[in-house]
Structures are given as structure tokens and as C-alpha cells.
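First the structure, in the form of C-alpha cells, and then the observations on it.
The values are calculated or read from the model by the stated rules, or taken from the named source; none is laboratory data. Because the structure is a prediction, the values reported are computed rather than measured. As a convention, Cβ positions derive from the backbone with ideal geometry for all residues, glycine included, and neighbour counts pool all protein chains shown.
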Amino acid sequence: MAKEYSVIGKSKVKVDGLEKVLGTTKFASDYSLPDMLYGRVFRSTVPHATVKKLYLEKARALDGVEAVLDYHDIPGKNRFGIIIKDEPCLVDDKIRRYGDALAVVAAKSPEILEEALALIEVDYDEIEPIFTFERALEADAPIIHGTTNIHQVKHLECGNVDEAFKKCDIIIENVYSTHRLSHMFIEPDAGIAYYDDDGLMTVVASTQNPHYDRNEVASLLGLPYNQVRVIQAATGGAFGGKLDISVQCHCALLTYHTRKPVKMVRSRSESTMVSAKRHPMTIEAKTGATRDGMLMAMEVKICSDTGAYASYGPAVITRAMVHCTGPYSIPNVRADATFVYTNNPMSGAFRGFGVPQVAVCHEGQMNALARKIGMDPVEIRIRNAHQIGSKLTTGQILENSVGFIETLEKAREKAAEVLS
Amino acid sequence: MNKISISLNLNGEDRVIDVFPNRRVVDLLREDFKLTSVKEGCSEGECGACTVIFNGDAVTTCCMLAGQADQSTIITLEGLAKNGELDVLQQCFLDEGAVQCGYCTPGMILTAKALLMKNSSPTEEEIKVGMSGNLCRCTGYEKIHAAVKNAVEIYKQKLEQGGESIG
Amino acid sequence: MKKRGKGVGSMWYGIGNTGLPNPAAAFVEVLGDGTANLMFGAADIGQGSGTAMAQLAAEALGITYEKVRVTWGDTRVTPDGGATSASRQTLITGNAVLKACEQAKGTLADVAAAYLGCQPEELDFSNNMVTKDGDATVTMTYHTLMAEMKTAGKMAVGAGYYNPTTTTLDPEDMSGIPYEVYSYATTICEVEVDTETGEVDVLKVVSAHDVGQTINQSMVEGQIEGGVVMGQGFVLMEEIEVSDKDGSIKNPIFSKYIIPSNLDVPEIYPILVESEGGPGPFGAKGVGEPALIPIIPAIVAAIEDALDVRFTKLPIFPKDIVAAVKEKETDADNGVLN
Ligand code: FES
Ligand code: FES
């Protein structure tokens, strides 16, 4: 007999709900400490360049400015990234996108801070910027990282795709494209760093992953992990956009040098400019089926631009590949994906990691197929749906908890009731 | 630039402060009066996170200068709960699950409050139009609408029982 | 002219990181008065993982929800929870919480069994009481239990971590076990398209999600509603524009990057489907990302149905609708069959 649950399944009031309706919840920008400094980043206004000279002296000389730092001031490692450590805290070798961080400033007031930033100048040696997938792959294109602009290539294969297509009654071919999107969480990124009473470097930040942040701050400052404490402030929405390092390392570096609390609050446009975006994708798809709507084969090619840094690109490419068939059993599948680096804004994690993009394709194909053979779109899905015992393109057998057909049936039932 | 003296009634208390005339009201409230329930999301009057009740209207404070606040009456979310008791709207937001990240919540509740102070029994359409200046990226707004509708009902019952009015 | 159409979209979503270890951990202590402290790394970003974990711990320990105090996302206090991403926290931190609670409960059950004169396995913990299965008279309150614990000099503490069972994917063909479990969903929606202005009004949305087991119904509905509206923005309203001169974002602010307001919201009917046997806590899976996905192809399909035109390029802005309608009319005038 199934046990009756006493707590789960119930709509309990949220543990942090009361403070949120009272307005007492502290988000990162709500923290203030005695002697606190205000910090901000000086950013590049070109997408691809080396820095010939950075003029920091005037800003440093300004009254009320407590630190103006560039990469020379980093005591530890100047690279972060959740999967591939390719993004600098402050640019050392070259600028790879508009808005790359060149210097950080801490000052006694936001007004002085603004004045100091206006005093910083930079001379660039510009490099041809790469803005398209195609250009990134050309032989004479400048290289953004390492030795190639190919970020990652993936190949997935099961069954015998070419043979299977020969036997299909119907083949549907399309090219889909999806665009670059922004999370637009309502709270712009923010954080504050300080040394706590035990002398521990502490960062309170709006984040989706405080333990990762801790490791990156420690590595930047050359400290053991347990000498850094990161506390997640109440976080005003994220959707994947607060998985990368935002202000954590910059704040911590300024506190490291000034020994004072430093708060950084990004403006809306700074936040949108430099946080990761959804990967735009081009997806070519060829789907083969029998006359009665059974899927036989699928071939998919995915191309995407991960922008200037890897961020969660490797997670997006892998997930997009695994999910590209949709929730259907297709015995013969071949998929290829290529992601490139460009000097565009960084693409990364955004609610779904590439699955919304491939869903536009696999569902577009299913709907086109249903129309072509004159079958109800729910029916054709049921016919091909994953169920217990289904074998995925990766060879995995589904053993439990596969409620797909029930979602189709329940949605159809409810739609019949409420849609016109 | 010289500082000017501003007098205002803030959450029921008369306050006087000297500020630069170009200080934004959002900074006046958050920095000078430490009322951090007032949030900043866009700084261009688009998101509604910085909404307060200003002379009875829901107003965004990120594009408003301190001078405009002189002789005004301002209510922030800190001023809504009375003697530790939640305002009906606060209770309804909590009970309906209208709060996810909570960053839009202060502005949402205050916009609804200002709306109900003017019109104690708004229609569904009036609620929607009245709240359309406040963005929420988390909830899809459904539970926010439900919370406001519930609050309207509860206020109505209270009024019928001769209880307190909304303002 | 206004034309209506309906569309279907489905999706699947592997829970957790793809083919990689991605563990999370939790600590628990049941205190002398029968309340509990629960600590875990998982960041709550508004979706409600903190609440879900409190509910899971309360259920597992057999105490009421209000008695659990949670602390999360503080690296000095809480163990690593990994990223709040990949819709993974309910499954992974959730299982870690259950493991921690089981460990604490082991000690509690020994002491309770000795007191009640039965076997630890025979005990049922719920609603702040410990009762022998099938015999309501053999029972004790948590309060008494904690007093017994004190006398015995024992502590109800637990630590647990969980890592989903996956394998590294083969570099040649990506075979392997990428995820331990998958969420599924289907969305059906109805739209009205104004063929002159190109405006698309999403009228009604039915969205059915296989969540394994619901932990908090209101929160799951909230995820689905939020996802539906974000999906509307995805298809119909939002696009980041990048300058081809300097690679900067041309519309980084809300006045230029328009997200849905409350006036855009359709009638939304969330449906929760439960499916058995999954590896998650009480069978629960993730819904955070699934909530967004199926509405996207469903809206595209509904527009196609309304206009009898194919759309393979997103976003679909009013100008794209107007252009498509015009093209279709021209084709018809020229005798091209669609
Ligand atoms: S911060 Fe004032 S409206 Fe957005
Ligand atoms: S609850 Fe997050 S923005 Fe509204």
C-alpha cells in the first residue's frame, strides 16, 4: 500500500516567503558595511584587441580612490570558467569581446568611482573581430583561443541511418534557426566582499553556485578553499545567467588589496552586456518515417556560436545532441554538432541548455510529419513516444518513471475541454 | 551644488533630510533611509521594482529626483505591516505562492495596494491593467493576479463586517 | 483578419549534468525539542529548492514542516551542492537530504525501539510521533524520544551525499548513460493571429508535466506558469541584437528588450503527472527547465495552424507574420499551390 504523505505534495508556504513579502529579505545590493567601498569594472569598447597601454595613474591619484587594479595585481590564477578555464578576471593577453574587464576600481563613493573610471584610458592594437560562424572557420581567420576557433565538435550515431532512409515512405527536411536571448532576471548581478571577524575572505553574492564561486575566488587569490567563504545572498532570479562568475572575483580582489569591504552592483546594461546569453543555433534536420507515422531515421546537424568564452558551451552542445531526437524512439540516428568561438557576447547556460533550441526542430519535424500524413499531432507522438523499455540513441534503456504518454493524453483531454 | 532640505512623511513618520537636489528618490530611500525593500532593476522606469506609494499613487522612484519628494507622503513595503501583522495583500502573496525570487515583490505589492486604495473592488481587467507596469520574470504573473483577487475579496469581507478600510 | 490556431509541443529533459559526476550533499541534526536543522549547498534562486528540501526532511524525519529550519548556500556551513542548474537539485540534493535524514533516523529508531519494545524497522515516524506499525497504542512523541536520546547520550545527526548514476559518453558515438532519469512534458496551446498587424495573442495553454512526484504543488505550478510566459517571450517578443561593428549588445535594457508583461499572459492550465519508480526522493524529478520548453514549439505550431504557413526561424515577430501572410497571398495570386 502506498504511504500517505503528510508533508510532500502539499502547497506549503515557502520557507523564505515571509521575509520576501515583508521586504526584509537581503539581496546582495542591500548589504552595507562600515568603511565600505564601491567597486566597478573598466571594460573594453572593442571586441578583439591587445592592450597596448592602460593609463591608470590619473584614476589612482584621485582623492577617495582606494584601488585601481589590473591583471598584475592578481596574486593567484587569472582564469576562470565552470568547465574550461578560459576567461580572465582581468584581461592579460588580449581582449576577446566588447566589455571584457581591463581594470577594477574601488572608491569611497559612487560619485568618486564614476569620476575615476572616466580618467582611465586605453590604447588598443585591434585585431579583426569574428562575428559569424562561417568566418570563424575560415583558414585565414584570426584565432581567438589556442590553436583553433572550433570550440567543440560532437558526433552521435546509432543504427544504420543511410540504409534506414532508403526504406522510409516519407522524408521531411528543414533548416531551423533560433536566436540569441537574455535571461533578464529582474535583479542585476551584485555582490559584496569583506574580511569577516576571523579574517576570512567572504563574498556575499547573487549566484546559482556559491561553492563554485568559492573555488574560483580562492584560486584567483592563491588561497586554500577553506580560507574563502561565499554566501549566496537572496538571488533575484537567475535562469542560468548567474552560473558564471560575475562580480565575485572582482570584489574579492579589491577587498584583498584594500582590506576593506567592497560592494559591486551592476547596472542593468552592464549585467545584460556581460552575462552569458542563450546559444543561437542553426539546426538542419532530416526525418524519415513510414506512411503510418513510425519514425525510422533522423539526421541532425547543429551549428552554434558560443561567443568569446566557453562558459557552459560544452554542457549545451552535449545536452542538445542527446536531446535532438525529442522524446521519441528512433532506431537510426546520426547527429553532428559544431560550436565555434567568436568575438560575440558569450553564450552559456540559459534555462534548458540547448534543449529549447532542439525542441523547435524536433517538434517542427513532428508537426510537419503529422500534417504530411494527415495524422493527429498527439497521435503521432503517442505512436513514437518513449516508454518503459525504450532504447535511447545513447543505448540507454529506460527502466522507470516515464510518464510521457500520460502527459500527451492528459494535455489532449484538458485541451478538448478548455480550448475552443 | 548645494544640498536642499526635504520634509516628507515616510511610512507614517515625519522626516527631514538634507540632500543634493539631483539625488534620485530610490537612493534617498535605500541609502539615506535604509529602506532596502525598494529595489532597483532597470534604472529607467521600465520594470517597476523601485515602486513606492507616493501621495497615494504607485510611482517608480528610479527616475524621480529628491526635490520632487519634498512635502510628499511615501509608503514603502516596510510601512505596510502594522504592529507585526501582515497587510492582507502581503498575506495573500504569501499564501498564493505569488513570490518566487521575490525581487519584484515589493513593487508588486505596493502597486496593488495603491490600486486598491483608489478602487476597493477592481475588476480582473482593472487589476491587470493597474499592475502592468511591474515586470516579473519568474512567476508568469498568474499567482500574482490570484493573490490580488483574493485580497480584494478579503478586504470586501472586512468592510462588510465594518472593519478597517484599505488605506 | 483574426485567425485562430492550435499547436502541440512535447519535450524530454535529462535531470542533472550530462554523463558527468555531479554530486550534492546535506547535513541534518534533530534537536532536543524535536525541531531540526538542515544544511545543504543548493542555491535557492526563487524556484523554491529550500522549501522543497524542508518538506523532504520533514517527511523523512516524521516531523511537521514548520519544525525544519534550513540553511543553504553558505560555504562555511553547508556542504557543496553543485550548481542550481540542469533541473538537478530536487533529484540530487533531495536524495542527499533523505540520506542524511535516514542516518539521523537510524539513531532515533534504535532509541525509540528500545523504549517501545519493538524492532526499529517496525516504527513509523510522522507528525511528530513515533508509532509501531499497525499498533497505534505503542507510540511516543518526538518530545519523549528526544528526552530518551538525551538520557542515552546519543545524537540524531546525519550527513549524506548523492551522485546520480551516469556513465561517461563514448567520444566516438556518444553512447552511454547520460542521465539517471528524464522529465517529460506536453503543451497544447491556442493562439489568435491578426493577419494585418501580425500580432499573436496566446489565448490558452494546457501544459502537462511528468514530475515523477510532486513535492510542492503550488511551486510546481509556479514553475510551469513562469515557464509558459518566458516561452511566449522566446517565440514572440525577445531577441538580443548584436552590433556587427563592435560586437556589443544593442538592446541591453528593458525598454529595448521587451519581456512579457502581465497583459500578455494567457489562461494557463498546469497539469501534474506522476510516474513511478524514479530514483529521486519519493520519485520526484525536476521541472525548472522543462517548464519552459514545450510551449515554444507549441506556439510555433499554433501559428502555423492558424495561417497554414511553415515557420522554421525564430523569433516570430509581427513583421515576420505580416511578411509570411503577404508571401502566401502572392503565391496564391500566382497560382502556386502551397
Ligand atoms: S528600477 Fe525603477 S522602474 Fe526599474
Ligand atoms: S518573483 Fe522573481 S521577478 Fe517576480
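I'd like to check which strands (runs of 3 or more DSSP E) are fully inside segment C:133-242 and have at least 1 residues that are among the acidic types (D, E).
Fully inside segment C:133-242 and qualifying: C:135-141, C:182-194, C:200-212.
Out of the helices (runs of 4 or more DSSP H) lying entirely within segment A:245-335, which hold 3 or more residues that are away from ligand 2 (no atom under 16 Å from the Cβ) and away from chain C (no Cβ under 14 Å)?
The helices (runs of 4 or more DSSP H) meeting that bar are A:248-258.
Among the residues of segment C:9-24, is any touching a residue at least 12 places away in the same chain (Cβ under 8 Å) and of a type in the set (F, W, Y)?
Yes, because at least one residue in segment C:9-24 is touching a residue at least 12 places away in the same chain (Cβ under 8 Å) and of a type in the set (F, W, Y).
Considering only residues that are of a type outside the set (V, I, T) and more than 7 Å from chain A (Cβ to nearest Cβ), which ones fall in segment C:214-228?
Residues satisfying the conditions are C:M219, C:E221, C:G222, C:Q223, C:E225, C:G226, C:G227.
Could you give every pair whose Cβ atoms fall below 7 Å, whose first residue belongs to segment B:81-104 and is of a type in the set (D, E), and whose second residue is modelled with pLDDT of 95 or more and within 16 Å of ligand 2 (Cβ to nearest atom), counting only separations of at least 6 or pairs across chains?
B:D95/A:V13; B:E96/B:K143; B:E96/B:A146; B:E96/B:A147
Taking B:E46 as the residue in question, decide whether it is within 16 Å of ligand 2 (Cβ to nearest atom) and more than 16 Å from B:Q68 (Cβ to Cβ).
So B:E46 fits the description; yes.
Considering only residues that are within 16 Å of ligand 2 (Cβ to nearest atom) and of a type in the set (F, W, Y), which ones fall in segment C:241-270?
Listed by number, the residues that qualify are C:F254, C:Y257.
Quick one: would you say C:K150 is more than 14 Å from chain A (Cβ to nearest Cβ) and either free of Cβ contacts under 8 Å to residues at least 40 places away in the same chain or not aliphatic (A, V, I, L, M) (or both)?
Spelling it out, C:K150 is indeed more than 14 Å from chain A (Cβ to nearest Cβ) and either free of Cβ contacts under 8 Å to residues at least 40 places away in the same chain or not aliphatic (A, V, I, L, M) (or both).
Here's a check for you: in segment C:229-246, which residue that is in contact with a strand residue (DSSP E or B) (Cβ under 9 Å, 6 or more places away or on another chain) and facing chain A (nearest Cβ under 7 Å) is nearest to A:V360 (Cα to Cα)?
C:F234
Taking the residues in segment B:59-96 that are more than 16 Å from ligand 2 (Cβ to nearest atom) and closer than 13 Å to B:T111 by Cβ as candidates, determine which candidate is surrounded by the most Cβ atoms within 10 Å (Cβ to Cβ).
Residue satisfying both the conditions and the ranking: B:T61.
Please determine whether any residue of segment B:27-37 is at pLDDT 95 or above, under 12 Å from the mean Cα position of the chain (by Cα) and within 16 Å of ligand 2 (Cβ to nearest atom).
Yes: segment B:27-37 contains one or more residues that are at pLDDT 95 or above, under 12 Å from the mean Cα position of the chain (by Cα) and within 16 Å of ligand 2 (Cβ to nearest atom).
Restricting attention to segment A:405-420, which residues are among the aliphatic types (A, V, I, L, M) and under 18 Å from A:G326 (Cβ atoms)?
Result: A:I405, A:L408, A:A411.
Look through segment A:113-166, keep the residues that are among the hydrophobic types (A, V, I, L, M, F, W, C) and part of a strand (DSSP E or B), and return whichever of them is surrounded by the most Cβ atoms within 10 Å (Cβ to Cβ).
So the residue we want is A:L156.
If C:E238 satisfies every condition in (1) within 16 Å of ligand 2 (Cβ to nearest atom); (2) within 19 Å of B:Q100 (Cα to Cα); (3) of a type in the set (D, E) but one, which is the exception?
(2)
Give me a count of the residues in segment A:272-298 that are within 27 Å of A:A385 (Cβ to Cβ) and of a type in the set (S, T, N, Q).
2
Table: residues versus (1) at negative phi; (2) surrounded by fewer than 24 Cβ atoms within 10 Å (Cβ to Cβ); (3) in contact (Cβ under 8 Å) with a residue 24 or more places away in the chain.
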| residue | (1), (2), (3) |
| --- | --- |
| C:Y65 | yes, yes, no |
| C:T71 | yes, yes, yes |
| C:L91 | yes, no, yes |
| C:E102 | yes, yes, yes |
| C:L108 | yes, no, yes |
| C:G117 | no, yes, no |
| C:E121 | yes, yes, no |
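Is one or more of the residues making up segment A:19-27 more than 10 Å from every other protein chain (Cβ to nearest Cβ), under 26 Å from A:L113 (Cβ atoms) and either surrounded by 17 or more Cβ atoms within 10 Å (Cβ to Cβ) or among the basic types (K, R) (or both)?
Looking through segment A:19-27, none of the residues is more than 10 Å from every other protein chain (Cβ to nearest Cβ), under 26 Å from A:L113 (Cβ atoms) and either surrounded by 17 or more Cβ atoms within 10 Å (Cβ to Cβ) or among the basic types (K, R) (or both).
Does B:E40 fit the bill of being under 23 Å from B:V99 (Cβ atoms), outside any strand (DSSP E or B) and within 16 Å of ligand 2 (Cβ to nearest atom)?
So B:E40 passes the test.
Can you tell me which residue in segment C:1-34 is nearest to the other protein chains (Cβ to nearest Cβ), limited to those that are β-branched (V, I, T) and part of a strand (DSSP E or B)?
Here the residue is C:V8.
Could you figure out which of (1) crowded, with 22+ Cβ neighbours inside 10 Å; (2) in contact (Cβ under 8 Å) with a residue 24 or more places away in the chain isn't true of C:N163?
All conditions are met except number (1).
Could you tell me which numbered condition B:A49 fails, if it satisfies all but one of (1) at positive phi; (2) within 14 Å of ligand 1 (Cβ to nearest atom)?
Condition not satisfied by B:A49: (1).
Between A:S275, A:S267, which is closer than 19 Å to A:A205 by Cα, of a type in the set (S, T, N, Q) and touching an Asp or Glu at 6+ places or on another chain (Cβ under 7 Å)?
Result of the check over A:S275, A:S267: A:S275.
Can you name the residue in segment A:213-232 that is in contact (Cβ under 8 Å) with a residue 40 or more places away in the chain and surrounded by 24 or more Cβ atoms within 10 Å (Cβ to Cβ) and, of all such residues, is farthest from the other protein chains (Cβ to nearest Cβ)?
A:L220
Collect the residues in segment A:171-209 that are touching a Gly at 6+ places or on another chain (Cβ under 7 Å) and closer than 30 Å to A:V300 by Cβ, keeping them in residue-number order.
A:I171, A:N174, A:Y176, A:H183
Only one of these is more than 16 Å from A:Q357 (Cβ to Cβ) and within 8 Å of chain A (Cβ to nearest Cβ): C:E276, C:E289. Name it.
When all the criteria are applied, what remains is C:E276.
What number of residues in segment A:384-420 are surrounded by fewer than 18 Cβ atoms within 10 Å (Cβ to Cβ), more than 19 Å from C:S275 (Cα to Cα) and more than 7 Å from every other protein chain (Cβ to nearest Cβ)?
2
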